[in-house]
1. Go through the stretch 2-46 and count every residue that is surrounded by 10 or more Cβ atoms within 10 Å (Cβ to Cβ), hydrophobic (A, V, I, L, M, F, W, C) and part of a helix (DSSP H, G or I).
2. Report, ordered by the first and then the second residue, all pairs with beta carbons closer than 9 Å, sequence separation of six or more or different chains, a first member in the stretch 32-46 that is within 13 Å of residue 21 (Cα to Cα) and among the basic types (Lys, Arg), and a second member that is assigned to a helix (DSSP H, G or I) and modelled with pLDDT of 85 or more.
3. Hey, can you tell me all the residues within the stretch 60-89 that are within 21 Å of residue 102 (Cα to Cα) and over 22 Å from the mean Cα position of the chain (by Cα)?
4. Filter the stretch 37-54 down to the residues that are in contact with a helix residue (DSSP H, G or I) (Cβ under 8 Å, 6 or more places away or on another chain) and among the aliphatic types (A, V, I, L, M), then identify the one that is modelled with the lowest pLDDT.
5. Assess whether residue 66 counts as being out of contact with any strand residue (DSSP E or B) (no Cβ under 9 Å at 6 or more places or on another chain), part of a helix (DSSP H, G or I), loosely packed, with under 11 Cβ neighbours inside 10 Å and without any contact (Cβ under 8 Å) to a residue 40 or more places away in the chain.
Amino acid sequence: MPGQDFDTPSLEKIQEFYEKTWVPERNDETRKELFFKFMQENVKEATVDDSFFIAAGLAAPVAAVIGKRASGHIPYVKSLRLDMVPNVIFVPVVTLFGIMGATAWQISSKSAAAKDKEEEEAKEEKRSKDQPKAT
């Protein structure tokens, strides 16, 4: 089964395969072959752009130190007493949260892009079906 390193088909596509291909077929061997064929055609290796992670990893420590120093001058943040937290703990924690945020952002944008791509493919397929064939 595909993991996080693979782009999986949409839920609608999986349901369509299940209802139109899997359920009607009764032979387990044929089902297995159909499943493998479906997975090979529809599961693609995920492409990851590491430049955003590198930028987040480089910018987060600097932002953490600057933010910690500036927090002493902001009234509501001043009450948190960030100056009491050692830089040895504060900077790695902020960096970790920055990289986790970059990961979450990339995953959400990747899934949105995949959804947009599927919608475009569906529109293109519909257009090609609607156009009369030239003889």
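The values are calculated or read from the model by the stated rules, or taken from the named source; none is laboratory data. The structure displayed is predicted, hence computed values, not measured ones. Neighbour counts are summed over all protein chains in view; Cβ atoms, including those assigned to glycine, are modelled from backbone coordinates with ideal geometry.
1. Within the stretch 2-46, residues that are surrounded by 10 or more Cβ atoms within 10 Å (Cβ to Cβ), hydrophobic (A, V, I, L, M, F, W, C) and part of a helix (DSSP H, G or I) number 8.
2. Cβ pairs passing all conditions: none.
3. Residues satisfying the conditions are 61, 62, 63, 64, 65, 66, 67, 68, 89.
4. Looking at the filtered set, the residue picked out is 48.
5. It is true that residue 66 is out of contact with any strand residue (DSSP E or B) (no Cβ under 9 Å at 6 or more places or on another chain), part of a helix (DSSP H, G or I), loosely packed, with under 11 Cβ neighbours inside 10 Å and without any contact (Cβ under 8 Å) to a residue 40 or more places away in the chain.
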